[in-house]
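Worksheet for the structure shown next.
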Amino acid sequence: MHIDKLSIQELQEQLTTLQAQYHKLGESGLALDLTRGKPCAEQVALADELDGILQGNYLAADGTDTRNYGGLDGLPEARALFGEVLGLPAEETMVGGNSSLTMMYQVVEFALTEGLRGPESAWGNSDAVKFICPVPGYDRHFAICEHLGIEMLNVPMLDSGPDMDAVEALLKEDSSIKGIWCVPRFSNPTGCVYSDQTVERIARLPDLAGEDFLVMWDNAYAVHTLREQAAALASISEYCRAHNTMDNVFQFGSTSKISFAGAGVAFLGSSRKNLAALGKHLGNQSIGPDKVNQLRHVRFLKDSDHLAAHMAKHAALIRPRFDSVLDTLDRELSGTGMGSWTRPLGGYFISFDTLPGLAGEVVKLAGAIGVKLTPAGATFPYGKDPNDSNIRLAPTFATEQAVKDAVAAFVVCVRLATVQQRLR
Ligand SMILES: Cc1ncc(COP(=O)(O)O)c(C=O)c1O
């Protein structure tokens, strides 16, 4: 029954039942964790073939000995393969080390402190530097901004991607906004795929924002489809070429959730002009990336067909965990008015919204009975969710049974917090 329809007496009866369920769960000694947006052990094992795959053949297609220094832009065959993931030619793709997040940090820091077009263009020359952050979003993007002193402005994330009316309105009134964070396919945490219209409007933002504006297009889940009906993502580079804004977009990706998390290969794509400027900058930090690992990945993943087949194996492993969360939420909370949640067709997360003011309480209640949830607020800049309602659920890492048990307990916490709030 919908919470709004319950009388005080019915609420009190529910409270008694829920308190009993909660105490029973507390006594059962749970030790569960839904915080970890990591692949599970079976997923990483799908790439175990990487170990030893070179069989002593360290030469790249052009004869480069990958065991030696050099090749800052990455191996040509790795640039071609991962360029395809980003929808870019090899010449507009750079393949780096093990973390795309590192590459994002390097790009933002470079634009801020040194300037993509020389010292005059450094964002840091201005008194204030701001970024638009669609919310809920990825905490580590926000951490980069916070660490570098970039002020963050929230805009709502819709099913079609960032609320573009809000984005454009902000840009019209504030010239200190220098960038926007985007996770365009299976966004973290809502799982939405940006609509074609949104992608085109983002590609046109530099017209409003100015030539030093950067779109940080973090396509971390580009190939992480869970269900066949998932929408494809429009190519931002096609729109950028049409609107002459290729210099304003950096695209990112990695194999962290394709092969080994933290031991994969990261890549970025942008205009040749940007890659040349960034390459020069990165040359001061490194002689080149781990080309042996790049070659291992090329030999393992081969081409986009093999990559797709490999990702289908990932999906088969984690789909039951997502189903388990969704089945429980549907069964226990549908029609109760106690929360809403997303039904992602790919990616790593389910985003849950409690009624306003309850996310922190639910996380606390769950923690007290041994169910660890991502801290409330983590999906917002500065850790502050103005509605205190968003909770990111990460079902991939725990075993299927643990996910099932954790969500069953989570639901009790949501119900308990909601009924308690109503009776206050
Ligand atoms: C949106 C997004 N971008 C980037 C990353 C991290 O990528 P990497 O391992 O390549 O640094 C994650 C990891 O959870 C993510 O969710």
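The values are calculated or read from the model by the stated rules, or taken from the named source; none is laboratory data. No experiment lies behind these values; they were computed from the predicted model shown. Cβ placement follows ideal geometry from the backbone for every residue including glycine, while neighbour counts extend to all protein chains displayed. Side chains included, ligands, DNA and RNA excluded: accessible areas come from the protein's heavy atoms. Shrake-Rupley method; radii C 1.70, N 1.55, O 1.52, S 1.80 Å.
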Find which of SER126, ALA203, SER100 sits farthest along the positive direction of the dipole of region 57-302, computed with +1 on the beta-carbon of Lys and Arg, -1 on that of Asp and Glu, about the Cα centre.
-> SER100
Given charges at beta-carbon only (K, R positive; D, E negative), |dipole| of region 57-302 in Debye = 880 debye
Given a 1.4 Å probe and every protein chain left where it sits, what share in percent of the accessible area of the chain is carbon and sulfur?
-> 49 percent
Once fully extended, how much extra length lies between ASN387 and ALA263, figured as 0.36 nm per residue of separation less the alpha-carbon to alpha-carbon distance?
-> 40.9 nm
Ellipticity estimate at 222 nm from DSSP helix runs (n ≥ 4, -39,500 (n - 2.57)) divided over the chain, nearest 500 = -13000 deg cm²/dmol
VAL129: accessible area at probe 1.4 Å, nearest 10 Å²?
-> 10 Å²
Using a 10 angstrom cutoff on alpha carbons, build the Gaussian network for the chain and name the most mobile of TYR69, TYR194, TYR138.
-> TYR69
Using a Gaussian network model of the chain with C-alpha springs under 10 Å, which one of PRO119, PRO395, PRO381 is most mobile by mean-square fluctuation?
-> PRO119
With unit charges on the beta carbon (Lys/Arg positive, Asp/Glu negative), name the residue among ALA312, ILE369, MET164 whose Cα is farthest towards the positive pole of the charge dipole of the chain.
-> ILE369
Surface accessible to a 1.4 Å probe, HIS147 within the full protein complex, Å² | 130 Å²
Counting only DSSP loop positions in region 4-76, the trypsin sites (Lys or Arg not before Pro) whose Cβ has at most 13 other Cβ atoms within 10 Å are ARG67
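Classify region 50-97 as rounded, prolate or oblate from the Cα gyration tensor: take a ≥ b ≥ c as the square roots of its eigenvalues, call it rounded if a/c is under 1.5, otherwise prolate when a/b beats b/c and oblate if not.
Prolate, since a/c reaches 1.5 and a/b exceeds b/c.
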Separation of region 70-85 and region 201-226 by C-alpha centroid, Å?
-> 21 Å
What nm value, rounded to one decimal, do you get for the distance between HIS147 and GLN9 when each label is placed 7 Å out toward the C-beta?
-> 5.9 nm
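Could you work out the relative contact order of region 1-142? I mean the mean sequence separation of Cα pairs under 8 Å and 6+ apart, divided by the number of residues, in percent.
Dividing the mean separation by the residue count of region 1-142 yields 9 percent.
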How high is the FRET efficiency from ASP327 to GLN285, r the C-beta distance, R0 56 Å, rounded to 0.05?
-> 0.70
For LEU365, what accessible area in Å² do you get when you roll a 1.4 Å probe over the heavy atoms of the protein chains, rounding to the nearest 10?
-> 20 Å²
Taking a probe of 1.4 Å, how large is the accessible area per residue of the chain, in Å²?
-> 42 Å²
Find the Cα radius of gyration of the chain, compare it with 2.2 N^0.38 Å by division, and give the number to two decimals.
-> 1.04
